[in-house]
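Notes to accompany the following structure.
The values are calculated or read from the model by the stated rules, or taken from the named source; none is laboratory data. Bear in mind that the values here come from a model prediction, so they are computed numbers and not experimental data. Backbone-built Cβ (ideal geometry, glycine too); neighbour counts: all protein chains shown. We work out accessible area using only protein heavy atoms, side chains counted, and drop any ligands, DNA or RNA first. Shrake-Rupley method; radii C 1.70, N 1.55, O 1.52, S 1.80 Å.
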Amino acid sequence: MLAVVPPPVTVRVPAKVNLHLAVGDVRPDGYHDLVTIFQALSLADEVTVAVADEPGVEVHGEGADQVPTGASNLAWRAVRLLAAHVGKDPDDPKVRVVIRKAIPVAGGMAGGSADAAATLVGLASLWRLEISRDELAELAGKLGADVPFCLYGGTALGTGRGERIVPVLARHQFHWVLAFDRRGLSTPDVFDELDRLRTDGDPPRVGQVEAVLEGLSSGDPRQLALLLGNDLQAAAVSLRPNLRRTLRAGVDAGALAGIVSGSGPTTAFLCEDNDTAVRVAAELAGAGVCRTVRVAQGPVPGARVIATEEPKPTPPEVHA
Ligand SMILES: C[C@@](CO)(OP(=O)(O)O)[C@H](O)COP(=O)(O)OP(=O)(O)OC[C@H]1O[C@@H](n2ccc(N)nc2=O)[C@H](O)[C@@H]1O
Ligand SMILES: Nc1ncnc2c1ncn2[C@@H]1O[C@H](COP(=O)(O)OP(=O)(O)O)[C@@H](O)[C@H]1O
């Protein structure tokens, strides 16, 4: 008999930006209630999952040296969680995960969450599971607040810890410039800093989410630009005062508006059109206010399989 090893599966998964991020008070479980609008961007990681005798995670590309490859890697946690869920041995899942990163690590763009979502989608295909995206999203929510959105992509309203997702119809494409900072920022540190700022004073709070939903449906980047907002921005800027200069430089270069993406320190600039975005990116890159600049569009779809290699038949065992 010819045993067929299932072919490796490669999944592309987008980064996110929060167009609106309203942060409530800290809850007894340490999380904060959020009302957020996520948008998935064309900046993407690629994750390949393959059957392997030597299980583990490999990471290449943007910030790879800052990503753990052991049990704490979010993609590996996704492998173990899905294995246990479908009755496989989580301690011996016989899977290798190769991550090619383009999303900045600890950048407020959900890079680790994206890799976890991609791993769930890749394994569902590799293991030929009959599992719906909603069932995967249940599992995703256990891995982190941002992981369910990375499965769905597009533009979506997130509530609860950010893990309850409702898609938002957004037919228009928006053009973004992303400025990566020199080092990442820890998400819990930024939430803690916001709690501290709120104890000592009254940092600005974003307006109502409904206005942002209207801005999105208008498709007019000028209208949307006026409505972008992030309660975590004051905290990120407090921990990284240089972000103030970066935000100013993007607007001076011609962006309609700039915000800190999620917990930062990446800054995201909404532009009128693609040509403006390319010009703003070039100017920002020359201004010495950040490490790297990227142009991206959104919304794009969530984690999806982009390649499955041909099955490799293993040679039959020959018995003498
Ligand atoms: C801030 C946001 C905005 O989209 O994104 P990032 O900037 O990290 O990409 C998210 O809320 C991050 O989501 P994610 O990175 O998945 O968070 P988790 O791993 O679940 O939580 C990490 C830590 O962040 C804090 N946290 C996270 C989510 C939330 N609603 N309240 C919180 O207080 C908690 O301290 C938690 O222990
Ligand atoms: N697959 C992964 N990719 C990136 N970071 C990961 C991954 N697994 C675990 N991490 C850890 O998660 C932390 C948060 O990284 P990331 O998800 O990129 O940022 P953010 O939460 O700001 O969006 C990093 O400090 C990193 O060490």
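General remarks:
- Contact map, segment 188-199: residues that are more than 16 Å from ligand 2 (Cβ to nearest atom) paired with residues that are assigned to a helix (DSSP H, G or I), Cβ distance under 9 Å, separation 6+ or inter-chain. Pairs shown: Asp195/Ala235; Arg196/Ala235; Arg196/Ser238; Leu197/Ala234; Leu197/Ala235; Leu197/Ser238.
- Pairs are defined by a Cβ separation below 7 Å, a sequence spacing of at least 6 or placement on different chains, a first member in segment 157-175 that is of a type in the set (Lys, Arg), and a second member that is surrounded by 14 or more Cβ atoms within 10 Å (Cβ to Cβ); the pairs so defined are Arg161/Tyr31; Arg161/Leu34; Arg161/Ala145; Arg164/Gly158.
- Each residue in segment 137-167 was checked for being at pLDDT below 95 and within 30 Å of Val280 (Cα to Cα), and 0 of them qualify.
- Residue among Arg96, Arg77, Arg100 that is open to solvent by 20 Å² or more (accessible area, probe 1.4 Å) and within 14 Å of ligand 1 (Cβ to nearest atom): Arg77
- Flag for Ser263 being assigned to a loop (DSSP other than H, G, I, E, B) and within 17 Å of Asp181 (Cβ to Cβ): yes
- Some residue of segment 61-68 being surrounded by fewer than 17 Cβ atoms within 10 Å (Cβ to Cβ) and more than 11 Å from ligand 2 (Cβ to nearest atom): no
- Any hit, segment 146-168, residues being under 15 Å from Leu21 (Cβ atoms) and part of a helix (DSSP H, G or I): yes
- Residue within segment 162-169 that is surrounded by 22 or more Cβ atoms within 10 Å (Cβ to Cβ) and under 13 Å from the mean Cα position of the chain (by Cα) present: yes
- Among the conditions (1) within 27 Å of Ala281 (Cα to Cα); (2) open to solvent by 30 Å² or more (accessible area, probe 1.4 Å); (3) in the same structural domain as Ala84 (by TED's automatic domain parsing), Arg183 misses just one, which is (3).
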